[in-house]
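The values are calculated or read from the model by the stated rules, or taken from the named source; none is laboratory data. Quick caveat, the model's predicted, so the values are computed rather than measured. We place every Cβ from the backbone using ideal geometry, glycine too, and count neighbours over all the protein chains shown. Heads up: the accessible areas ignore ligands, DNA and RNA and are worked out on the full protein's heavy atoms, side chains in. Shrake-Rupley method; radii C 1.70, N 1.55, O 1.52, S 1.80 Å.
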Amino acid sequence: MKALIIGAGGFVGGYLIRELSSAGWDVHASCLPTETIRGNCTVHHLDIMEKDSITALLNNVMPDIIYHLAAQSSVSVSWKKPQLTAEINVIGTINVLEALREAEKKDIRTILIGSGEEYGFIRQGACPLSETESLNPGNIYAATKACQGMLGEIYARAYKMDIVMVRAFNHSGPEQSEIFVISDFCKQVAEIEKGMREPVICVGNLEAMRDFTDVRDVVKAYRLLGEKGKSGQAYNVGRGRAVKIQYILDTVLSFAEKPIEVKHDPKRMRASDIPLIEPDVAKIYADTGWKAEISMEQTIRDTLDNWRTKLKE
Ligand code: A2R
């Protein structure tokens, strides 16, 4: 199987390269010219805002499958830069879909990576969220990802293209940016252990319940959806068991080498925090046999160790 991963310079890309190449796939990966990619793959440079470059790359690589990861993926940046977010996540996706529609090779499977954020303001009692639940995005990033998924469905139906949509819930692991909660807590603890800050960890809302999956499990789900997912369908990817952020904090602190005080930081509280977000993962299990296997404790331990190593460098 020959895969092309578009947007492989980010957090998930490196893990997906490893997952696919260890499964024996021939992996091609693209990143922006400003980025680098490490791993067992052929590297290309691509900006998805340049449609002709996508066409040229497709005709050069002739992949069997495309993973479209390229995005402006930050919710907070999406509030500050809505036009840029819509351009990359919506127009960029249309560029990819149009290039595919016109490609010399017609039977390319495309996996569009969306987000659990697409469900947005969910009605009470809706959890666990099944793929049939209506989408009600609560921020600009989520709206662009919902739009990406709708475009995928439209292209699949109208042009009989082979497209699978993914709604990935929170994922985490070593190398994730500290704007995400597990990485944030682990970085703070590693800095405290190294004496770079007072033994005080700053936290936001600890009562919210969220569903976390290790990124190494997530990319396995992406591979299996590439192999077995049904065309034109959307799939939740998540553990299917939400935990309180308090549980994450307690676990991180239980691994810390010294006692740490907890301080609530009003800047980290969000006005419209939804109490519980949890996916129903029966569909992906039924169609691919995938379920999350790596424990949250393992993810947290590995992320903390990664920060400890990085701060030593
Ligand atoms: O924004 P940067 O410089 O970090 O680059 C991101 C890249 N990207 C682009 N690639 C090609 N053409 C563009 N016009 C363009 N704009 C941005 O896509 C970054 O290297 C990559 C996305 O990676 P991350 O932001 O690290 O996302 P992550 O965590 O790897 O998630 C993969 C996908 C994304 O579509 C998320 O929205 C979704 O999974 O959850």
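Okay, residues lined up against (1) of a type outside the set (Ser, Thr, Tyr); (2) over 24 Å from residue 11 (Cα atoms):
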{"residue": "223", "(1), (2)": "yes, no"}
{"residue": "235", "(1), (2)": "no, no"}
{"residue": "242", "(1), (2)": "yes, no"}
{"residue": "251", "(1), (2)": "no, no"}
{"residue": "260", "(1), (2)": "yes, yes"}
{"residue": "291", "(1), (2)": "yes, no"}
{"residue": "311", "(1), (2)": "yes, no"}
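Could you tell me how many of the residues in the range 284-300 are of a type outside the set (A, V, I, L, M, F, W, C) and surrounded by 17 or more Cβ atoms within 10 Å (Cβ to Cβ)? Steps first, answer last, please.
Keep residues of the range 284-300 that are of a type outside the set (A, V, I, L, M, F, W, C), which gives 285, 287-289, 291, 293, 295, 297-299.
Remaining after also requiring surrounded by 17 or more Cβ atoms within 10 Å (Cβ to Cβ): 288, 299.
Of the residues in the range 284-300, 2 are of a type outside the set (A, V, I, L, M, F, W, C) and surrounded by 17 or more Cβ atoms within 10 Å (Cβ to Cβ).
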State all residues of the range 91-120 that are more than 10 Å from the ligand (Cβ to nearest atom), farther than 17 Å from residue 170 by Cβ and in contact (Cβ under 8 Å) with a residue 60 or more places away in the chain; if no residue qualifies, say none. 97, 100, 101, 109, 111
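Looking only at residues in the range 1-48 that are among the aromatic types (Phe, Trp, Tyr) and more than 8 Å from the ligand (Cβ to nearest atom), which one is nearest to the chain's Cα centre (by Cα)?
Here is the first cut: in the range 1-48, the ones among the aromatic types (Phe, Trp, Tyr) are 11, 15, 25.
Okay, now just the ones that are also more than 8 Å from the ligand (Cβ to nearest atom), so 15, 25.
Numbers: 15: 11, 25: 21 Å.
Among them, the one singled out is 15.
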Go through the range 18-33 and give me each residue that's more than 15 Å from residue 53 (Cβ to Cβ), assigned to a loop (DSSP other than H, G, I, E, B) and open to solvent by 40 Å² or more (accessible area, probe 1.4 Å). 23, 24
May I ask you to list the residues in the range 272-294 that are out of contact with any Phe, Trp or Tyr (no Cβ under 6 Å at 6 or more places or on another chain), part of a helix (DSSP H, G or I) and of a type in the set (Val, Ile, Thr)? 288
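Tell me, which strands (runs of 3 or more DSSP E) wholly within the range 179-271 include 1 or more residues that are closer than 26 Å to residue 285 by Cα and among the aromatic types (Phe, Trp, Tyr)? Reasoning before the result, please.
Values: elements: 200-203, 234-237, 261-264.
Fully inside the range 179-271 and qualifying: 234-237.
Check whether at least one residue in the range 269-276 is in contact with a helix residue (DSSP H, G or I) (Cβ under 8 Å, 6 or more places away or on another chain), aliphatic (A, V, I, L, M) and surrounded by 12 or more Cβ atoms within 10 Å (Cβ to Cβ), and report yes or no. If you could, list the steps in order and put the result at the bottom.
Within the range 269-276, the first condition is being in contact with a helix residue (DSSP H, G or I) (Cβ under 8 Å, 6 or more places away or on another chain), and the residues that meet it are none.
Scanning the range 269-276 turns up no residue that is in contact with a helix residue (DSSP H, G or I) (Cβ under 8 Å, 6 or more places away or on another chain), aliphatic (A, V, I, L, M) and surrounded by 12 or more Cβ atoms within 10 Å (Cβ to Cβ).
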Residue in the range 146-165 that is nearest to residue 86 (Cα to Cα), counting only those that are touching a helix residue (DSSP H, G or I) at 6+ places or on another chain (Cβ under 6 Å) and assigned to a strand (DSSP E or B): 165
Quick check: anything in the range 132-142 surrounded by fewer than 20 Cβ atoms within 10 Å (Cβ to Cβ), part of a loop (DSSP other than H, G, I, E, B) and in contact (Cβ under 8 Å) with a residue 40 or more places away in the chain? yes
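May I ask you to list the residues in the range 173-190 that are closer than 14 Å to residue 263 by Cβ and either loosely packed, with under 13 Cβ neighbours inside 10 Å or more than 16 Å from the ligand (Cβ to nearest atom) (or both)?
Keep residues of the range 173-190 that are closer than 14 Å to residue 263 by Cβ, which gives 184-185, 188-189.
Once the filter is applied, which keeps residues that are closer than 14 Å to residue 263 by Cβ and either loosely packed, with under 13 Cβ neighbours inside 10 Å or more than 16 Å from the ligand (Cβ to nearest atom) (or both), the range 173-190 yields 185, 188, 189.
Restricting to the range 63-90, count the residues that are over 18 Å from residue 8 (Cβ atoms), of a type outside the set (Asp, Glu) and within 11 Å of the ligand (Cβ to nearest atom).
Result for the range 63-90: 6.
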Within 22 Å of the chain's Cα centre (by Cα) and under 16 Å from residue 204 (Cβ atoms): is that true of residue 237 in this structure? no
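On the basis of being touching a residue at least 12 places away in the same chain (Cβ under 8 Å), among the β-branched types (Val, Ile, Thr) and touching a Phe, Trp or Tyr at 6+ places or on another chain (Cβ under 8 Å), does residue 245 make the cut? Before you say what the answer is, go through the steps one by one.
Numbers: touching a residue at least 12 places away in the same chain (Cβ under 8 Å): yes; among the β-branched types (Val, Ile, Thr): yes; touching a Phe, Trp or Tyr at 6+ places or on another chain (Cβ under 8 Å): no.
No.
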